[in-house]
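J.: Can you read through this structure? Questions will come right after.
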Amino acid sequence: MTEAATISEAVSRPAHVTDAVFYDFDLFHDPGLVADPHQRIIDLVENAPPVFWTPRNGGHWMLIGHKANFEAARDFEAFSNEMVPHEQLQAILAQMPPDAPRIPMAYPINLDPPLHGKYRVPLQGVFSPRTINAIKDSIRELAGEIIDQVVPRGQCEFMAEIAEPLPVKVFLNMLGMPLDKLPEYRALVKAHLSEIQPDPSKAMQRLQQVAAIMRDTLIERRDNPQDDIISMLWQVEIDGRPTTLEDLENYGVLLFIAGLDTVMQGMGHGVRRLAEDAALQEELRANPDLISDATEEILRRYTFTVPPRRVARDMEFQGVEMKEGERAMLFLPAADLDPVEYPEPDRLDIRREGKAHIAFNAGPHRCLGSHLARVELNVLYEELLARVPSFRLDAARPPRFHGGHVIGVEELNLVWES
Amino acid sequence: MKVRIDKSACVGNARCWAVSEELFPLDDDGYIQVEEFDVPPGMEELARRGARACPERVIEIVEDDA
């Protein structure tokens with residue numbers, strides 16, 4: 001298939017979308033985005049309106065500027081995480097036949113405050129910086145083992161051989177999930193994230209599959225608690241009541257989806273940059289103390305997640321007319337490259353100070369796993385730079401990328417002198 | 001110098017804490033524990049850096065009148 005053939009059909013433009021805020025961009029299949037994501041994102045920052053409507057993928061808003069993203073992320077009354085309003089969804093579910101298989105919900109990411117908080121609070125301690133710092137050494141050990149396997153070979157396909165196994169193993173270990181089902185999990189997540197126009201019935205089926213794979217482990221941990229997240233979640237209360245199997249399935253679906261794909265793509269973008277930037281590699285090898293600052297600056301320069309929102313009411317947002325029920329994408333990768341906030345945004349400056357990025361989003365839905373992600377990225381860069389000599393891209397096999405809600409690296413071939 | 005934090009708007013990024021655990025203590029959930037405090041002498045620059053590190057922009061530095 002050619003690139004052009006994969007671009008989604010354009011839908012007709014609603015009357016309230018003016019020429020000034022119309023821009024044709026396919027979040028999933030834009031050829032430039034797929035060829036070199038952040039180069040295309042810089043182009044959008046420079047040439048697209050800060051808030052625009054694209055006719056692709058059913059038609060939706062794109063928030064490009066930092067101000068637009070920051071305000072929308074924090075204004076949960078205007079920009080809802082409930083893609084179907086909660087009451088409406090409950091009404092639909094109530095009409096299902098009683099023996100129909102249950103549909104798990106990715107709580108709390110698809111809830112708005114105040115209900116959001118009731119489901120989020122039990123998870124916060126589990127993912128707090130202190131809890132995560134306590135498992136840093138075990139993450140480092142796992143990273144070292146995985147990297148050492150490829151070092152003598154002088155080359156690797158980074159995504160499949162390092163970026164995928166490391167965070168997924170860490171996360172499944174934390175949860176207490178069996179590792180032998182890894183390929184099955186990955187296939188489900190990939191299908192979930194790559195679907196261009198999510199088909200609601202397929203999406204629900206997939207979440208049911210995710211829950212079904214976990215169910216044995218959930219029940220087993222209820223009866224035989226161990227030192228893992230699932231066991232911990234059986235002990236907590238939601239809004240004053242004990243958790244149920246339904247709650248655990250909902251949490252499982254959320255953590256499963258959020259934990260398997262995101263940090264892996266963060267590693268892909270960061271290591272691609274390191275592979276193309278020998279000077280940066282040398283600087284960090286000589287001064288490992290700078291790696292944590294580099295981790296932050298790489299997150300800013302290569303922000304890669306695009307959380308969706310539902311416009312909750314007719315409104316004017318930063319001078320743009322929006323209608324209730326429309327979809328808006330928080331295009332965080334562009335927000336973190338906004339020159340208003342970050343002078344010379346395309347320059348990776350590990351000594352940049354004084355401007356915090358929003359790679360983990362802003363507002364109440366700030367990435368719950370951000371502290372885990374930071375530690376994993378930091379440890380991965382440290383161990384990779386310590387164990388692998390100067391590495392570069394394999395010129396014969398250039399990297400490949402994908403668009404979507406998690407802009408990612410499909411393939412990243414590295415070579416070095418072994 | 002004073003630090004004033006809009007505690008209810010903290011979303012748990014913990015970037016201030018990464019700058020100074022002493023100035024910006026967290027609760028068990030990883031959210032900021034303090035609302036307003038005087039910066040001990042010699043820690044002014046850390047306080048400023050901690051405030052700038054907040055992605056949510058809820059930490060305000062109140063400089064002493066000159």
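J.: I need the full set of residues from segment A:113-126 which are in contact (Cβ under 8 Å) with a residue 60 or more places away in the chain and either crowded, with 20+ Cβ neighbours inside 10 Å or more than 9 Å from chain B (Cβ to nearest Cβ) (or both), in order please.
T.: Across segment A:113-126, the qualifying residues are A:PRO113, A:HIS116, A:GLY117, A:LYS118, A:TYR119, A:ARG120, A:PRO122, A:LEU123, A:VAL126.
J.: Does segment B:28-44 hold any residues that are free of Cβ contacts under 8 Å to residues at least 40 places away in the same chain, among the charged types (D, E, K, R) and surrounded by fewer than 16 Cβ atoms within 10 Å (Cβ to Cβ), and which are they?
T.: Within segment B:28-44, B:ASP28, B:GLU35, B:GLU36, B:ASP38 meet the criteria.
J.: Sticking with this one: Farther than 22 Å from A:THR243 by Cα, modelled with pLDDT of 90 or more and in contact with a strand residue (DSSP E or B) (Cβ under 6 Å, 6 or more places away or on another chain): which single residue out of A:PHE158, A:PHE76 fits that description?
T.: Residue meeting the stated conditions: A:PHE158.
J.: Please specify each residue of segment A:217-246 satisfying the condition of being exposed (fewer than 15 other Cβ atoms within 10 Å of the Cβ), of a type in the set (S, T, N, Q) and within 14 Å of A:PRO178 (Cα to Cα).
T.: A:GLN226
J.: Can you name every one of the helices (runs of 4 or more DSSP H) wholly within segment A:123-194 that holds 3 or more residues which are β-branched (Val, Ile, Thr)?
T.: It comes to A:136-150.
J.: Kindly list the number of the only condition in (1) in a helix (DSSP H, G or I); (2) under 26 Å from A:PHE127 (Cβ atoms); (3) without any contact (Cβ under 8 Å) to a residue 12 or more places away in the chain that fails for A:LEU255.
T.: All conditions pass for A:LEU255, except number (3).
J.: Can you tell me which residue in segment B:2-21 is nearest to the other protein chains (Cβ to nearest Cβ), limited to those that are more than 11 Å from the chain's Cα centre (by Cα) and surrounded by fewer than 16 Cβ atoms within 10 Å (Cβ to Cβ)?
T.: It comes out as B:ALA9.
J.: In addition: Only one residue in B:ALA53, B:ALA47 is within 12 Å of another protein chain (Cβ to nearest Cβ) and either in contact (Cβ under 8 Å) with a residue 24 or more places away in the chain or under 11 Å from the mean Cα position of the chain (by Cα) (or both). Which one?
T.: B:ALA53
J.: Filter segment A:348-363 down to the residues that are at the interface with chain B (Cβ under 7 Å from one of its Cβ atoms) and β-branched (Val, Ile, Thr) and list them by number.
T.: A:ILE358
J.: Another question, then. Which residue, of A:HIS60, A:HIS38, is of a type outside the set (Gly, Ala, Ser), under 22 Å from A:GLU344 (Cβ atoms), surrounded by 18 or more Cβ atoms within 10 Å (Cβ to Cβ) and in contact with a Pro (Cβ under 9 Å, 6 or more places away or on another chain)?
T.: Testing whether each residue is of a type outside the set (Gly, Ala, Ser), under 22 Å from A:GLU344 (Cβ atoms), surrounded by 18 or more Cβ atoms within 10 Å (Cβ to Cβ) and in contact with a Pro (Cβ under 9 Å, 6 or more places away or on another chain) leaves just A:HIS38.
J.: Looking at (1) touching a strand residue (DSSP E or B) at 6+ places or on another chain (Cβ under 7 Å); (2) within 9 Å of another protein chain (Cβ to nearest Cβ); (3) part of a loop (DSSP other than H, G, I, E, B), find the lone condition where B:PHE24 falls short.
T.: It fails just one condition, (2).
J.: Moving to a separate point now. Can you confirm whether A:VAL340 is touching a residue at least 60 places away in the same chain (Cβ under 8 Å) and surrounded by 14 or more Cβ atoms within 10 Å (Cβ to Cβ)?
T.: On the way: touching a residue at least 60 places away in the same chain (Cβ under 8 Å): yes; surrounded by 14 or more Cβ atoms within 10 Å (Cβ to Cβ): no.
No: the conditions fail for A:VAL340.
J.: For segment A:364-393, what are the residues that are among the aromatic types (Phe, Trp, Tyr) and either within 14 Å of chain B (Cβ to nearest Cβ) or surrounded by 23 or more Cβ atoms within 10 Å (Cβ to Cβ) (or both)? First the steps, then the outcome.
T.: Taking segment A:364-393 as the starting set, the residues that turn out to be among the aromatic types (Phe, Trp, Tyr) are A:381, A:391.
Across segment A:364-393, the qualifying residue is only A:TYR381.
J.: Pick out the one residue from A:ALA73, A:ALA68, A:ALA143, A:ALA106 that is surrounded by 17 or more Cβ atoms within 10 Å (Cβ to Cβ), within 21 Å of the chain's Cα centre (by Cα) and within 14 Å of chain B (Cβ to nearest Cβ).
T.: Step by step, each of A:ALA73, A:ALA68, A:ALA143, A:ALA106 is checked, and only A:ALA73 is surrounded by 17 or more Cβ atoms within 10 Å (Cβ to Cβ), within 21 Å of the chain's Cα centre (by Cα) and within 14 Å of chain B (Cβ to nearest Cβ).
J.: Hey, another quick one. With respect to A:ARG300, determine if the residue is part of a loop (DSSP other than H, G, I, E, B) and among the basic types (Lys, Arg).
T.: Spelling it out, it is not the case that A:ARG300 is part of a loop (DSSP other than H, G, I, E, B) and among the basic types (Lys, Arg).
The values are calculated or read from the model by the stated rules, or taken from the named source; none is laboratory data. All values reported here derive from a predicted model rather than from experimental measurement. Because the Cβ atoms are built from the backbone with ideal geometry, glycine has one as well, and the counts that use them run over all protein chains shown.
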